[in-house]
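All remarks here apply to the structure that follows.
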Amino acid sequence: MKIIYTDNNATTKTADEVIEEMMPYFGELYGNPSSMHTFGDRVGKKITQARKHVADLINADPEEIVFTSCGTESDNAAVHAAISAFPQKKHLITSTVEHPAIKNLFAHLAKEKGYKVTFVPVDRQGRLNTNVLYDSMSDDTALISLMWANNETGVIFPIEQVAKRANEQKILFHTDAVQATGKIEIDVKKTGVDMLSLSGHKIHAPKGIGVLYVKKGLKFSPLLIGGHQEGGRRGGTENTAFIIGLGKACQLAKENLGVMNTRVKELRDYLESQLLEKISGTSVNGELDNRLPNTLSIGFDAVEGESILLLLDRDGICASSGSACTSGSLDPSHVLMAMEVPFKSAHGTIRFSLSHYNTQDEMDAIVRNLVPTIEKLRAMSPFWKDGKMV
Ligand SMILES: *Cc1c(COP(=O)(O)O)cnc(C)c1O
């Protein structure tokens with residue numbers, strides 16, 4: 001069966017060009033880039049090139065790029081560096097809608113290490129309450145960490161504005177830009193962030209490679225203490241093939257940014273308008289005109305997201321639910337709960353996240369599947385009577 005893949009915020013297809021670029025470095029070009037001989041240095045030169053491609057995508061300098069094993073490691077390394085730089089400061093700021101890589105790390109620091117954490121709330125549209133954020137900033141704040149864009153709703157946070165305030169008060173600012181990268185323009189110089197995380201597998205590189213951007217001059221304590229790799233900021237022999245693959249993926253992401261914001265956005269908007277038009281009791285989650293171009297979080301009243309996913313799956317359509325039911329909890333996702341999306345709509349929320357590999361035909365196939373699927377599920381739902389939610 002042909003797969004229709006619309007779960008790109010969970011992971012992406014590794015681009016063929018990326019795989020091709022990586023292959024020699026699994027085989028004949030196995031040298032260690034830190035070696036003194038020409039054989040190893042051939043790999044070293046290629047890594048230098050990859051580092052430049054990554055830097056170019058976010059307007060950083062190559063020396064500011066630290067390769068890690070994933071987005072989660074980048075987030076952990078950033079937080080570790082901040083609290084090590086200011087051991088006397090015991091306050092941290094983040095939002096209520098972060099990825100678990102930040103959310104659970106901050107909860108851990110609060111519970112186990114005595115940190116006071118401000119989780120800044122969002123409104124019904126997923127917009128950050130900057131007043132609460134600014135009011136909570138103090139001399140005791142070691143770090144502000146905010147995601148650039150939300151993985152579930154695609155809502156974009158005012159990173160430049162918050163980074164400016166953080167800089168003025170001399171508070172370190174980190175952003176998890178894992179979802180924003182390759183979808184909207186990222187410029188670390190213009191924005192003035194101190195640290196930024198990105199992940200390979202969200203931008204058509206393989207799983208298991210990430211980046212932490214560290215602004216020049218920042219005092220940095222590595223999470224992995226070891227050799228002098230990555231300028232002493234991350235020990236461990238370089239994951240050569242994956243770094244080279246990520247370099248290629250960043251090059252492609254830069255080229256595809258236009259397509260993402262035209263053709264992919266048009267596909268997303270088409271899918272959204274078709275579903276809103278053809279299925280009653282349907283609502284889109286998140287600030288409509290301030291979202292990633294590829295993301296659609298859409299709630300169908302009075303049905304279970306899991307049931308929708310199972311029926312979509314039978315037709316080879318891959319999407320994701322906004323709910324954590326599959327992991328044993330009956331609560332909707334923490335993001336939708338933080339936005340106070342009504343329970344019966346949050347429970348029936350599906351996330352479609354597109355890439356430039358998607359087509360118009362695929363969007364039509366999803367609409368053709370979903371219209372009868374929702375009808376069928378609502379016929380069985382105790383919360384749906386006479387064409388509306390009860
Ligand atoms: C996927 C994701 C991560 C984690 O990246 P990994 O490479 O899977 O560890 C972190 N933050 C956000 C916003 C993500 O979407």
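In table form, for the structure just shown:
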| quantity | calculated |
| --- | --- |
| Selection from region 216-227 of residues that are in contact (Cβ under 8 Å) with a residue 12 or more places away in the chain and either more than 16 Å from the ligand (Cβ to nearest atom) or under 18 Å from Asn151 (Cα atoms) (or both) | Lys216, Leu218, Lys219, Phe220, Ser221, Pro222, Gly227 |
| Answer from Val97, Val43 - the residue that is within 16 Å of the ligand (Cβ to nearest atom) and at pLDDT 95 or above | Val97 |
| Count of residues meeting criterion [within 12 Å of the ligand (Cβ to nearest atom) and on the phi > 0 side of the Ramachandran plot] in region 156-181 | 0 |
| Qualifying positions in region 192-215 - out of contact with any Gly (no Cβ under 9 Å at 6 or more places or on another chain) and within 13 Å of the ligand (Cβ to nearest atom) | Leu196, Leu212 |
| Failed item in (1) within 16 Å of the ligand (Cβ to nearest atom); (2) more than 15 Å from the chain's Cα centre (by Cα); (3) part of a helix (DSSP H, G or I), with Phe67 passing the rest | (3) |
| Qualifying positions in region 126-141 - away from the ligand (no atom under 16 Å from the Cβ) and under 17 Å from the mean Cα position of the chain (by Cα) | Arg127 |
| Exclusive hit being more than 15 Å from the ligand (Cβ to nearest atom), of a type in the set (Lys, Arg) and within 24 Å of Pro158 (Cβ to Cβ), set Lys116, Lys90, Lys103 | Lys116 |
| Unique match (being at pLDDT 95 or above, within 16 Å of the ligand (Cβ to nearest atom) and more than 30 Å from Asp140 (Cα to Cα)) among Thr48, Thr72, Thr11 | Thr11 |
| Close pairs (9 angstrom Cβ cut-off, 6 or more residues apart or separate chains): in the same structural domain as Val335 (by TED's automatic domain parsing) and within 17 Å of Trp148 (Cβ to Cβ) in region 97-121, among the aromatic types (Phe, Trp, Tyr) and surrounded by 13 or more Cβ atoms within 10 Å (Cβ to Cβ) anywhere | none |
| Exclusive hit being without any contact (Cβ under 8 Å) to a residue 24 or more places away in the chain, within 19 Å of Met339 (Cα to Cα) and either assigned by TED's automatic domain parsing to the domain that holds Ser353 or among the aliphatic types (A, V, I, L, M) (or both), set Asp289, Asp269 | Asp289 |
| Selection from region 12-33 of residues that are surrounded by 15 or more Cβ atoms within 10 Å (Cβ to Cβ) and either hydroxyl-bearing (Ser, Thr, Tyr) or closer than 30 Å to Thr349 by Cα (or both) | Thr12, Thr14, Ala15, Tyr25 |
| Lone qualifier among Ala338, Ala319 - being more than 30 Å from Met1 (Cα to Cα), hydrophobic (A, V, I, L, M, F, W, C) and modelled with pLDDT of 95 or more | Ala338 |
| Residue selected from region 270-302 under the condition of a type in the set (Gly, Ala, Ser) and outside any helix (DSSP H, G or I), by the criterion nearest to Val97 (Cα to Cα) | Gly286 |
| Identity of the residue in region 228-243, surrounded by 22 or more Cβ atoms within 10 Å (Cβ to Cβ) and within 30 Å of Leu354 (Cβ to Cβ), that ends up nearest to the ligand (Cβ to nearest atom) | Phe242 |
| Selection count where residues are under 20 Å from Thr191 (Cα atoms) and either more than 12 Å from the ligand (Cβ to nearest atom) or not hydrophobic (A, V, I, L, M, F, W, C) (or both), scope region 142-155 | 6 |
| Odd one out for Glu168, checked against (1) buried (at least 18 other Cβ atoms within 10 Å of the Cβ); (2) over 13 Å from the mean Cα position of the chain (by Cα) | (1) |
| Residues of region 357-390 satisfying the condition of being closer than 23 Å to His201 by Cβ and either touching a Lys or Arg at 6+ places or on another chain (Cβ under 7 Å) or assigned to a strand (DSSP E or B) (or both) | Tyr357 |
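The values are calculated or read from the model by the stated rules, or taken from the named source; none is laboratory data. Keep in mind it's a predicted model, so treat the numbers as computed, not measured. All Cβ positions, even for glycine, are placed from backbone atoms using ideal geometry, and neighbour counts span all protein chains on display.
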